[in-house]
């Protein structure tokens with residue numbers, strides 16, 4: 001228990017920067033804004049033919065990754081941690097990107113098999 | 001220390017010299033991060049297999065037709081209900097950070113207040129999900145089952161030109177993946193609510209006040225934000241794309 005205590009105290013000292021209430025609400029409005037933009041695209045821009053589905057889909061993915069960044073960096077506080085911890089969480093995620101690349105490639109091949 | 005001391009006598013004080021956490025993070029919090037990393041792998045393998053099956057399919061049920069009902073309110077409001085669910089979950093994430101922020105100041109009553117709002121948000125989300133599952137189930141979707149063909153074809157967009165076999169096959173895949181992935185996520189939300197309740201009881205009992213830090217609130221906070229994070233991806237890949 002006592003070791004936990006000392007850790008948190010120097011923890012707080014080392015990061016001068018932390019989440020204030022103002023910052024929390026800022027991040028909330030960013031997340032809400034991005035979600036509204038996604039709805040605009042899905043419910044208005046695509047049905048009315050302003051942008052095509054094959055353009056909209058990558059846009060959704062980019063906006064989703066932006067939301068993911070805000071949640072992990074600010075709400076989960078990762079941006080303010082030591083660089084070692086940041087890398088040990090972010091670098092393994094590259095494997096996920098690898099799996100995405102492999103399976104998109106593979107599913108192209110499945111289409112050919114089915115035709 | 002005398003100036004003649006060899007370099008071996010010199011006590012290293014770098015973060016990696018031992019005797020302290022090089023990440024300046026308490027053990028339990030690091031373990032929570034690595035648990036979440038492993039959970040991220042589980043969720044991404046589910047979502048990526050969903051993506052691969054859908055990408056290679058000849059036709060797929062159109063999200064704005066499947067998810068067009070708002071229970072008790074409207075039968076034709078595409079994606080509005082899931083929008084509400086997303087809003088509830090993001091909102092509960094905000095109340096969670098506010099609880100963590102109150103914990104940094106040691107404000108016990110504020111922590112309790114924000115934790116209760118977070119629990120309420122989680123329960124509301126679960127309620128919405130129950131309604132959505134009930135709705136899809138009443139239409140005939142479930143693990144391994146799809147609506148009869150004349151009803152099933154309504155869920156495909158008019159320009160997909162899918163035949164009966166294609167619609168049945170991919171209807172099944174959609175149903176299985178939808179219930180498995182949202183079910184697995186809902187199970188995470190449910191566990192999160194249970195753990196949140198336990199933590200709130202501990203806050204009320206003064207356990208963390210005695211301990212001198214509200215670090216447990218931060219740890220469960222990490223878990224709760226992760227659940228929100230996964231929903232952001234589920235939302236994009238099931239409802240928008």
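The values are calculated or read from the model by the stated rules, or taken from the named source; none is laboratory data. This is a predicted model, so every value here is computed, not measured. With ideal geometry, Cβ positions are generated from the backbone for all residues, glycine too; neighbour counts draw on all protein chains shown.
Regarding the stretch A:22-31, can at least one residue be identified that is assigned to a loop (DSSP other than H, G, I, E, B) and at pLDDT 90 or above?
Taking every residue of the stretch A:22-31 in turn, none turns out to be assigned to a loop (DSSP other than H, G, I, E, B) and at pLDDT 90 or above.
Within the stretch B:194-215, take every residue that is crowded, with 16+ Cβ neighbours inside 10 Å and within 12 Å of another protein chain (Cβ to nearest Cβ) and give me the one that is farthest from residue A:71 (Cα to Cα).
Restricting to residues being crowded, with 16+ Cβ neighbours inside 10 Å and within 12 Å of another protein chain (Cβ to nearest Cβ), the top hit is B:211.
With respect to residue A:98, determine if the residue is closer than 30 Å to residue B:23 by Cβ, out of contact with any strand residue (DSSP E or B) (no Cβ under 8 Å at 6 or more places or on another chain) and at the interface with chain B (Cβ under 7 Å from one of its Cβ atoms).
So residue A:98 does not fit the description; no.
Can you find, within the stretch B:62-80, the residue that is farthest from residue A:41 (Cα to Cα) among those that are touching a residue at least 40 places away in the same chain (Cβ under 8 Å) and more than 10 Å from every other protein chain (Cβ to nearest Cβ)?
B:71
Take residue B:84 and tell me if it is touching a helix residue (DSSP H, G or I) at 6+ places or on another chain (Cβ under 6 Å) and part of a helix (DSSP H, G or I).
no
Inside the stretch B:95-206, counting only helices (runs of 4 or more DSSP H) that do not spill past its ends, which hold 2 or more residues that are at pLDDT 95 or above?
Ranges flagged: B:108-138, B:164-205.
Consider the stretch B:216-241. How many of its residues are crowded, with 22+ Cβ neighbours inside 10 Å and over 30 Å from residue B:80 (Cα atoms)?
Result for the stretch B:216-241: 2.
Based on what the data block shows, is residue B:155 closer than 30 Å to residue A:52 by Cα, within 14 Å of chain A (Cβ to nearest Cβ) and buried (at least 20 other Cβ atoms within 10 Å of the Cβ)?
no
What number of residues in the stretch A:51-81 are outside any helix (DSSP H, G or I) and either over 16 Å from the mean Cα position of the chain (by Cα) or more than 18 Å from residue B:92 (Cα to Cα) (or both)?
Residues in the stretch A:51-81 being outside any helix (DSSP H, G or I) and either over 16 Å from the mean Cα position of the chain (by Cα) or more than 18 Å from residue B:92 (Cα to Cα) (or both): 3 in total.
Please work out which residue is surrounded by the fewest Cβ atoms within 10 Å (Cβ to Cβ), limiting yourself to the stretch B:18-39 and to residues that are part of a helix (DSSP H, G or I) and facing another protein chain (nearest Cβ under 7 Å).
Once the filter is applied, the top-ranked residue is B:37.
Go through (1) farther than 13 Å from residue B:49 by Cα; (2) surrounded by 16 or more Cβ atoms within 10 Å (Cβ to Cβ); (3) facing chain B (nearest Cβ under 8 Å) for residue A:114 and report which single condition fails.
Condition not satisfied by residue A:114: (2).
Does residue B:83 fit the bill of being on the phi > 0 side of the Ramachandran plot and either surrounded by fewer than 20 Cβ atoms within 10 Å (Cβ to Cβ) or at the interface with chain A (Cβ under 10 Å from one of its Cβ atoms) (or both)?
When the stated conditions are applied, residue B:83 does not pass them.
Counting just the residues of the stretch A:47-57 that are loosely packed, with under 15 Cβ neighbours inside 10 Å and facing chain B (nearest Cβ under 10 Å), which one comes out nearest to residue B:36 (Cα to Cα)?
Taking the candidates together, the pick is A:53.
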